Amino acid sequence: MSVYTRVEAAEVVAFLRDYAVGELLELHGIADGIENTNYFVTTSGGRFVLTLFERQADSELEYFLELMVVLADHGLACPRPIMADDGTYLRHLAQRPTVLVERLAGRAIEHPSVAQCAAVGGALGRIHRIGRHVHRRRANERGPAWWRFTADALRAVLDAEAMALIDTEIAFQTALDTERLPRGVIHADLFRDNVLFEGEQLSGVIDFYAACNDILLYDVAICLNDWCIGADGDFDDARARAFLAAYAESRPWASGETDALPAMLRAAALRFWLSRLYDLHFPRAGEITHIKDPAHFERILRRRIAEPQRAQAILPA
């Protein structure tokens, strides 16, 4: 959520005239994240987040907006899009598709507790269950085709050892039979910086702008690789088991999912290693940017390949 497109207060004042949210009081750019331009907006009527989309087209964004409205309507703590006076959610600012959403209370945490991991597992299970009510569909734009494209782009800048690992892992993932694994709406980016807490209480799941339809277990693996590990990339058993137990209470496991978990953990590590490598070597221009360390997910991928049994060890009894 870096600032790639700068907007002035006067532009935001004009933009807000189409909303019943009061007068602009404060405007601050948000430095976290890497995909879109985001500002905190405080008005006389409340606190909001203004998002300008840098890559997606209007038609694609309707998926995210429907998803957020459906989740909010079903009681999930997530930002509800604010409707403009003409009944639409999507507007334009600085020639970018733009939405205004609720700003939720709470803060992201760096070192989650067992209870907080359980809360995230339960929330993810609810997202997967409620997602069945979303009528639109969106393919995962960071799936296997993107892996191959990104690997080819990185060949000119990576050493032979790194490229060999990437090519071998892509071949392994391509050969997997995943057709029987349940699919549906996934968040696809539910890292620690995308969940808000007030103490041990989960107060919000945010940033649904990578959401898509894909393998539900892949979404579980993304979370496990971030929420439930130590500094060395190995699992913290207590956090991982609490996360998985709470998830299963919200959405029980289907046949074959637990057996497929080791491979999905590898797929999740590969995807974020590739995206961080690409952002490092081919950065986008922005006023505020935050590039995350690619080596973190290289270490996780190597560990998941070397220790597939660890995935079975963290499953609740």
Accessible-area order (highest first, 1.4 angstrom probe) of the listed residues 92, 135: 135, 92
Accessible area in the full protein assembly, largest first, 1.4 Å probe, for 174, 51: 174, 51
Sum -39500 (n - 2.57) across every DSSP H segment of at least 4 residues in the chain, then divide by the residue count to get the 222 nm mean residue ellipticity, nearest 500. -13500 deg cm²/dmol
In the chain the accessible area split gives carbon plus sulfur, as whole percent at 1.4 Å, a share of 52
Ranked from the most accessible area to the least, with a 1.4 Å probe and all protein chains present, what is the order of 180, 142? 180, 142
With springs connecting C-alpha atoms under 10 Å apart, model the chain as a Gaussian network and identify which of 65, 176, 104 has the largest mean-square fluctuation. 176
Write down the accessible area per residue of the chain in Å², having rolled a 1.4 Å probe over the full set of protein chains. 44
Can you list the GluC sites (Glu not before Pro) in region 96-146 that are in a DSSP coil and have 11 or fewer other beta carbons within 10 angstrom? 110
Out of 211, 123, 31, any idea which swings most in a Gaussian network model of the chain, alpha carbons joined below 10 Å? 31
What are the DSSP H helices in the chain that stretch 27 Å or more along their long axis, judged by alpha-carbon atoms, and whose average Kyte-Doolittle hydropathy comes to at least 0.5? none
When the chain is modelled as a GNM with alpha-carbon springs shorter than 10 Å, which of 25, 124, 67 fluctuates the most? 25
Using only the Cα atoms of region 118-175, what semi-axes does the equivalent ellipsoid have when each is the square root of 5 times a gyration tensor eigenvalue? Give whole Å, largest first. 33, 15, 10
Full extension between residue 114 and residue 250 adds, at 0.36 nm per residue less the Cα distance, a length in nm of 47.2 nm
Region 101-166 versus region 289-317: alpha-carbon centroid distance in Å: 14
For region 161-217, run through the GluC sites (Glu not before Pro) and keep only the ones in DSSP coil with at most 14 other Cβ atoms within 10 Å of their Cβ. 179, 200
Rg/Rh of region 184-251 (Cα atoms, Kirkwood Rh), to two decimals, equals 0.95
Computed label-point distance, nm, for sites residue 83 and residue 231 using a 7 Å Cα→Cβ extension: 5.1
Give me the Debye-computed log₁₀ of I(q)/I(0) at q = 0.08, 0.09 Å⁻¹ for the chain, equal point scatterers on Cα only, no solvent, two decimals. -0.37, -0.47
Just to be sure I understand the curve: with the Debye formula and one point per C-alpha of region 51-162, what is log10 I(q)/I(0) at q = 0.13 Å⁻¹? -0.75
Under 20 Å from the 7 Å Cα→Cβ point of residue 73, by amide nitrogen: which residues of region 187-226? 187, 205-209, 211-213
Restricting everything to alpha-carbon atoms, can you work out Rg to Rh for region 146-200 with a Kirkwood hydrodynamic radius? 1.14
Chain lengthening between residue 292 and residue 177 when straightened (0.36 nm per residue, less Cα-Cα): 38.3 nm
Here the tail fraction of P(r) beyond 28 Å, over all Cα-Cα pairs of region 172-317, rounds in percent to 18
How much FRET efficiency would the formula 1/(1 + (r/R0)^6) give for residue 62 and residue 203, where r is the Cβ-Cβ distance and R0 is 30 Å, rounded to 0.05? 0.65
In Å, what is the Rg of the alpha-carbon atoms in region 83-235, and how long is Dmax? 18.3, 56
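The values are calculated or read from the model by the stated rules, or taken from the named source; none is laboratory data. Just so we're clear, the structure is a prediction, and the values are computed from it rather than from any experiment. Counting neighbours? That spans all protein chains shown, and the Cβs are built from the backbone with ideal geometry, glycine included. Note: accessible area is taken over every heavy atom of the protein model, side chains too, but ligands, DNA and RNA are not part of it. Shrake-Rupley method; radii C 1.70, N 1.55, O 1.52, S 1.80 Å.
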